[in-house]
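The values are calculated or read from the model by the stated rules, or taken from the named source; none is laboratory data. Note that the structure is a prediction, hence the values are computed from the model and not measured. Quick reminder, even Gly has a Cβ in these numbers, built from the backbone with ideal geometry, and neighbours come from all protein chains shown.
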Amino acid sequence: MKALAAILLATLPMAGTHFKSLPEGKGRAQVEAACYTCHSADMIAQQRLTEKQWTAEVEKMTKWGAAVKDADKPVLIAYLSKHFGPDNEFTPTKTQTIRR
């Protein structure tokens, strides 16, 4: 059990690591409310999906339990497509792990 805990702790980012935040824009609040339950902004920001792919992704996530109202889907998909489409230039957050 201690070995498992040590492995898990070793993979966590160091305290004080600053993760990305989502860009301002219409739909940001809906994305944060729907996606942050399971994903960090970094997980979202690394995507490079087309509008069609974001539509499929949002549909898949709602089937898996993401709280997205049908009325919010178009603004959510538009936001994600605009900011995290095929031309997205994501720079990963650099983290350091604790080695024991």
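Tabulated data for the structure shown
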{"quantity": "Selection count where residues are in a loop (DSSP other than H, G, I, E, B), at pLDDT below 65 and not hydrophobic (A, V, I, L, M, F, W, C), scope the range 1-41", "calculated": "3"}
{"quantity": "Cβ-Cβ under 6 Å pairs, at least 6 apart or on other chains, the range 71-100 side surrounded by 13 or more Cβ atoms within 10 Å (Cβ to Cβ), far side at pLDDT below 70", "calculated": "T93/F19; T95/P13; T95/T17"}
{"quantity": "Search result, residues across the range 41-50 that are loosely packed, with under 14 Cβ neighbours inside 10 Å and either hydrophobic (A, V, I, L, M, F, W, C) or touching a Lys or Arg at 6+ places or on another chain (Cβ under 9 Å) (or both)", "calculated": "M43"}
{"quantity": "The range 53-70 residues that are under 12 Å from C38 (Cα atoms), paired with ones that are at pLDDT below 95 and outside any loop (DSSP other than H, G, I, E, B) (beta carbon under 8 Å, 6 or more apart)", "calculated": "M61/A34; M61/C35; A66/A34; A66/C35; A67/A33; A67/A34"}
{"quantity": "Per-region count, the range 48-90, residues more than 14 Å from P23 (Cα to Cα) and outside any helix (DSSP H, G or I)", "calculated": "11"}
